[in-house]
Each structure stands twice: as structure tokens, then as C-alpha cells.
């Protein structure tokens, strides 16, 4: 998308808005609806002028030109501007009110989206967003994924029901990859409900059953490993030069990272292509589904990051959940190093984790449902007092709930 095209569109919209504003002010009787429209019109002009200035000053990265163009196009001036310019059509107060009601400007959603990007530095570097419980972090994760253009958005939710499946046969790589992409595309945050009088115990959609997160991840990893080994064997039998490194798959990488973090266990794939865990100190072996929640979560997180497409934006809600303090930073250090092509956005309430990341840091000052955030940058080496108070208040509420439950 060319910058000049956007500037030309902005100029056109501002001219339309100015003309409509001038005509509305000629009316003697302006009711509440028309007055609200007029206020949004003035707001729209100021918003577009700000975007124009920031484009001219090269503040907005090229990757966002398409999104900016779409958001400016959303501002609806066509119908009222056309009506006001019809030579033989006279608009009275009633018809003007009807136009204002039936053809709203829609500039507010456009502005919210733009401000959203701008507040987070246009997603050019890794980001940590700190927020107390109830500050809209999970909703923010969903909206980030929804409005990302030009880059593949991956959301790793805080709420996970990690049930490791077993497979009777080695999954097909192409079908597994399609299923995984469909799962990622149709991800929902799990904040839903269901009718308890229905026969189904757990609600589900066509593309996502609760508890199936691991199925899509592990199935795709295992299928890719089998696919790579089949290619290796075919090349070897056809006297094509092969190297042992050609056998290395994403699942092999995931297992290596897992083993480097969990020192008292060893993960491996047995001769039946099943994922197993070995306890060297006790000489015990057991299937992977018997892992602890923390051990399951580590493999799940590694798998999600490894399966992300090139140049993805990976959004992680509560990246420290289920993880021991001694492991969490090591894990994300390794994954960031491994996927330097991607942007990582962490949503957390853990200040220790936030301070460990080399990233632009922000905090959610306020949130109004459904999608209005007041997001402020955190100055380097300085934690705002308001943020500390919100986090402390959130922890006190959580602790009081726990006391009531256990009493």
C-alpha cells in the first residue's frame, strides 16, 4: 500500500466531513441525534489530521499502511455527502436526522483500532503488557489476534485444559497441518457458557473441543516428524545425498528444549512412536499423559511457538502460568532465540517476569468492556505507583477468596 494513496483518501474524507459540518450548522433546529453526529464528525476530522501528520512524519511503519487505509475507509461519509450535493433534493431537519441515524460515521471503531496499534508501538518489537486480574488481558489477546493484518496471529491462552492424547496410527502430515491451521484460525478464549440441561457435558464447536488443544499440537508435531523421516528414507533409497540433520523435526527440537529444562526427567519417542518419560533415578518409564501440569504446559508452549508460521505475532496470555520460577525465564529465552522472526507479546500480572524480558513494556491503566483500553508505556526501571496498587489490590482479593473457600 502506497502512502500517497492513504493521504489522498484522508484528504477526501476531511473535505467531505468539512462540507457536511458546514451544511449541518446551517440548520436552525439541531436535535440530540444530529448534535451527537456533529460531535463525532469533529472528532473524526481531528483523528484523520493526526493520522495524516504521523504518516508524513514516518511514525507509522509500512506494514500498517493497509490497516490504516482500511480504517480510514470505514469512516462513512458517502450517503450524507451525496444527499447534500443533490441539486434538486432539499434536506430538512427530519431527513437530516434520518441520515445521521441510518448512516453513522463509524469513526470510533476506526480510531480505537488505530490507537490500539499506536499505544503498543505498532508491534515492531517484543512487548510485555502488565495488568491486574480483571484488566481485560484475555480480551486484549483476542482483539490483538483479530485485528492483526499482514502477520499471522497466534494466541496462546491462559486457560488451558491440557489432555495429552494417544494415537493408534501415525497422523497424516497434510491433513494434520490443515486441522491445526483451522484450529488456530478459529481459536476462542474459552470464556463461554452452556446449557446444563443439555446432554453434552462440555460445550464444543465444529473446530474446537475443550481439552483438544494438545491433540492439534501433538498430532501436527508427530505427523511432521514422520513426514520428514519418510522423505529421508526415500532420498536415501534413491541414492540422494542425505545428512543426519535432515531427520531433525520440530518435535525433536521440542523434546530437546523440554529435556534441557526438566533435569530430573527424560522425554523420548519409543519404537512405537509414542511419547514417553523416563525417570533415570528410579529407572521408571511412563507415558507422557502422566506428566504434571507444569511439564505438560512446557511441551505445549514449545509446540505452539515452533508451529507458528514465519513472521508471526505470538500473543501469550499469562506466560508464567503453571511454570516454576526457575524455568519460566529460561523457557521464553530459548523460544525467543529460536523464533527471532516472530514478535512476542506477553500479557501478564507478574512484575518479575515482565522485568526479565527485553521488550517494550506497557501497563493497562483501565479497561472498559468490550474493547477500550487505556494502555500506558512503563518508563525504563520505573514501575508506576498506580500499577503496583492495582496489582496489590488484585492479590488481596484473590487471597481473601482463597481464605473463604478453605475456611
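A few notes on this one:
- Filter result for the condition that a residue is free of Cβ contacts under 8 Å to residues at least 40 places away in the same chain and either at negative phi or not assigned by TED's automatic domain parsing to the domain that holds residue 82 (or both), over 25, 13, 33: 25
- Single match in 297, 243, 276 (criterion: exposed (fewer than 14 other Cβ atoms within 10 Å of the Cβ) and under 27 Å from residue 177 (Cα atoms)): 243
- The lone exception for residue 161 - which of (1) over 30 Å from residue 374 (Cα atoms); (2) in a helix (DSSP H, G or I) it fails: (2)
- Apart from one condition, residue 318 fits all of (1) at positive phi; (2) in contact (Cβ under 8 Å) with a residue 40 or more places away in the chain; (3) touching a helix residue (DSSP H, G or I) at 6+ places or on another chain (Cβ under 7 Å); the exception is (3).
- Residue list for region 169-181, filter: in a helix (DSSP H, G or I) and surrounded by 14 or more Cβ atoms within 10 Å (Cβ to Cβ): 173, 176, 177, 179, 180, 181
- Test: residue 299 is in contact with a helix residue (DSSP H, G or I) (Cβ under 6 Å, 6 or more places away or on another chain) and either in contact (Cβ under 8 Å) with a residue 40 or more places away in the chain or over 21 Å from residue 132 (Cβ atoms) (or both): yes
- Residue that is modelled with the lowest pLDDT [pool: residues in region 98-121 that are over 24 Å from residue 30 (Cβ atoms) and exposed (fewer than 15 other Cβ atoms within 10 Å of the Cβ)]: 109
Per-residue answers, yes or no, for (1) within 21 Å of residue 303 (Cα to Cα); (2) free of Cβ contacts under 8 Å to residues at least 12 places away in the same chain:
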residue	(1), (2)
222	yes, no
238	no, yes
246	yes, no
256	yes, yes
267	yes, no
270	yes, yes
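- Of everything listed in (1) under 24 Å from residue 305 (Cβ atoms); (2) at pLDDT 85 or above, the single unmet condition for residue 236 is (1).
- Taken over region 275-328, the residue count meeting the criterion of being assigned to a loop (DSSP other than H, G, I, E, B) and over 15 Å from the mean Cα position of the chain (by Cα) is 12.
- Hits in region 198-233 - residues which are assigned to a loop (DSSP other than H, G, I, E, B) and at pLDDT below 55: 199, 200, 201, 202, 203, 205, 206, 207, 208, 210
- Within region 55-72, the only residue that satisfies the criterion of being loosely packed, with under 15 Cβ neighbours inside 10 Å, part of a helix (DSSP H, G or I) and at pLDDT 90 or above is 56.
- Any hit, region 246-258, residues being in contact with a strand residue (DSSP E or B) (Cβ under 7 Å, 6 or more places away or on another chain) and at pLDDT 95 or above: yes
The values are calculated or read from the model by the stated rules, or taken from the named source; none is laboratory data. Everything numeric here is computed off the predicted structure, so don't read it as measured data. Cβ sites come from the backbone with ideal geometry, for glycine too, and all protein chains shown count toward neighbours.
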